[in-house]
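First comes the structure, then the notes that go with it.
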Amino acid sequence: MMFLPSKKDLKTALEVFAVFQWPLSVFLIVINVIFVNLYLVAFTSYWPVTVLILTWLAYDWKTPERGGRRVTSVRNWRLWKHYCDYFPLRLLKTHDISPSHNYILVCHPHGVLSHSWFGQFATNGLCFSKIFPGITPYVLTLGAFFWVPLLRDYVMSSGTCSVSQSSMDFLLTHRGTGNMLIVVVGGLAECKYSLPGSTTLVLKNRTGFVRMALRHGVPLIPAYAFGEADLYSQHIFTPGGLVNRFQKWFQSMVHIYPCAFYGRGFTENSWGLLPYAQPVTTIVGKPLPLPKIENPSQETVAKYHALYTDALRKLFDQHKTKFGISETQELVIV
């Protein structure tokens with residue numbers, strides 16, 4: 001008899017595909033755009049196609065800083081539901097969020113590939129619109145994602161925009177109210193701390209989000225994803241060794257820490273680059289109101305940064321034991 005997969009096997013396969021296709025799509029789009037255009041220019045007479053693409057790119061360059069180009073149908077793909085079910089992801093709020101204001105949602109930790117933040121806010125896989133009615137999320141990410149034609153459109157279709165200052169200014173002043181800017185402040189520098197059981201965050205010298213919130217008088221909302229740091233393991237090289245020195249040098253040059261991470265393969269007990277199928281629950285805390293100060297001093301920024309850090313610690317301590325973290329383990333801020 002012909003073997004037929006069970007519904008459970010089919011569901012698992014769809015979930016694995018949903019998670020795998022996202023980074024694969026990014027890779028394939030980048031490679032194809034680069035090599036196809038090189039081929040057109042070097043070996044064919046169709047080089048005007050490349051000129052037209054670059055002309056459109058130049059014309060459309062500022063779009064990621066002007067609210068992007070959200071496509072609701074893309075955010076609602078059934079694929080993203082499978083993506084969220086793979087781990088699974090959960091999104092819980094502790095307070096209602098009024099659509100009569102704008103907000104900056106500050107996310108921790110970054111993790112290796114920020115799987116939870118993508119699934120929860122860049123897609124509607126968890127029904128964000130029902131959890132936060134009247135709120136429009138804008139995930140903010142590095143400008144490099146918008147340098148490549150086609151890739152930039154795919155990324156923007158999810159409601160993702162540039163994390164630049166001009167982008168945040170635009171979203172907080174030209175899109176009315178009910179906008180939630182999603183900022184993962186630890187960034188790629190935090191990848192080195194993304195180890196199972198780790199609660200270390202890069203936050204001490206990250207004050208730009210506080211300054212932006214003060215300039216526009218918008219509340220800051222702390223959010224912590226319990227389990228995000230457990231999605232990959234890392235090989236830790238000998239401190240002071242050749243590879244470790246290279247990692248530190250590379251980070252000093254481009255602010256990206258090249259960590260040697262690994263997870264599972266396509267089968268449950270194999271090795272690979274898929275994240276472990278571990279639950280990730282994001283707790284969204286209470287909005288922290290900030291006054292509007294167009295040119296806040298460094299002392300004022302430091303004051304509200306400390307208030308935000310205290311609110312984040314309180315949120316972490318209130319919920320940590322529910323997710324297997326001991327009562328004595330504290331949030332480490334570096």
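The values are calculated or read from the model by the stated rules, or taken from the named source; none is laboratory data. Here the structure is a predicted model, which means the values were calculated and not measured. Glycine gets a Cβ as well: all are built from the backbone with ideal geometry, and neighbour counts include every protein chain shown. Please note that ligands, DNA and RNA were not included when accessible areas were found on the heavy atoms of the full protein model with its side chains. Shrake-Rupley method; radii C 1.70, N 1.55, O 1.52, S 1.80 Å.
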(request) Place the peptides 200-207, 126-133 in order of packing, highest mean first, counting for every residue the other Cβ atoms within 10 Å and averaging per peptide. (result) 200-207, 126-133
(message) Give me the percent of accessible area attributable to carbon and sulfur for the chain, probe 1.4 angstrom.
(response) 64 percent
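Figure the gain on full extension for ALA13 and THR267 (residue separation times 0.36 nm, minus the Cα-Cα span) and round it to one decimal in nm.
Numbers: separation 254, 0.36 × 254 = 91.44 nm, distance 0.95 nm.
Going from the current span to full extension adds 90.5 nm.
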(request) Would you mind finding the longest exposed-site-free stretch of the chain, with exposed GluC sites (Glu not before Pro) meaning DSSP loop and at most 12 other Cβ atoms within 10 Å? (result) 1-267
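Can you give the extra length, in nm with one decimal, that the chain gains between GLN318 and ARG70 once fully stretched, where that is 0.36 nm per residue apart less the Cα-Cα distance? It would help to have the intermediate numbers written out before the result.
Numbers: separation 248, 0.36 × 248 = 89.28 nm, distance 3.52 nm.
Extra length available between GLN318 and ARG70 comes to 85.8 nm.
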(request) Can you pull the one-decimal nm distance between simple spin-label points at ILE293 and ASP96, each 7 Å off the Cα toward Cβ? (result) 3.2 nm
(message) Give the separation of the Cα centroids, the range 252-322 to the range 68-146, in Å.
(response) 14 Å
(request) Pop out the Kirkwood hydrodynamic radius of the range 24-166 from its pairwise C-alpha distances, inverse of mean 1/r, in Å to one decimal. (result) 17.0 Å
(request) Output the Cα-based Rg and Dmax of the range 232-334 in Å, rounding Rg to one decimal and Dmax to a whole number. (result) 19.4, 54
(request) Sum -39500 (n - 2.57) across every DSSP H segment of at least 4 residues in the chain, then divide by the residue count to get the 222 nm mean residue ellipticity, nearest 500. (result) -12500 deg cm²/dmol
(request) Take the Cα atoms of the range 136-196, find their three principal axes, and give me the spread along each one in whole Å, biggest first. (result) 40, 27, 19
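Using only Cα atoms, what Kirkwood radius does the range 1-75 have, in angstroms? Display every interim value, and only then the final one.
Numbers: mean 1/r = 0.0614 Å⁻¹.
Over the range 1-75, the inverse of the mean reciprocal pair distance is 16.3 Å.
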(request) Return the FRET efficiency for the residue pair THR55, THR328: r is the Cβ-Cβ distance, R0 is 56 Å, and the value is rounded to the nearest 0.05. (result) 0.40
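With 26 Å as the cut-off, how large is the P(r) tail for the chain, expressed as percent of Cα-Cα pairs? All intermediate terms of the calculation are to be shown ahead of the outcome.
On the way: 29252 of 55611 pairs.
Distances greater than 26 Å cover 53 percent of the Cα pairs.
Might you report the magnitude of the Cβ-based charge dipole of the chain about its Cα centre, with Lys and Arg at +1 and Asp and Glu at -1, to the nearest 20 debye?
Working: 30 positive and 18 negative charges, 74 e Å.
Rounded to the nearest 20 debye, it is 360 debye.
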(message) Which one, ALA302, VAL210, GLY265, is farthest towards the positive end of the dipole of the range 159-313 when Lys and Arg carry +1 and Asp and Glu -1 on their Cβ?
(response) ALA302
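What helices does the chain hold that run 20 Å or longer along their axis, going by alpha-carbon atoms, with a Kyte-Doolittle average of -1.0 or more, using DSSP H for the helix calls?
Numbers: long enough: 7-43 (49 Å, 1.37); 298-319 (32 Å, -0.75).
The qualifying helices are 7-43, 298-319.
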(message) Give the lysines whose C-alpha is closer than 21 Å to that of LYS314, dropping any in the same chain fewer than 8 places away, or say none.
(response) LYS93, LYS204, LYS286, LYS303, LYS322
(message) Under a crude label model (7 Å from the Cα following the beta-carbon direction), how far is ALA42 from LEU142 in nanometres?
(response) 2.5 nm
(request) Would you please put 110-121, 95-106 in order of how densely packed they are, using the mean number of other Cβ atoms within 10 angstrom per residue and starting with the highest? (result) 110-121, 95-106
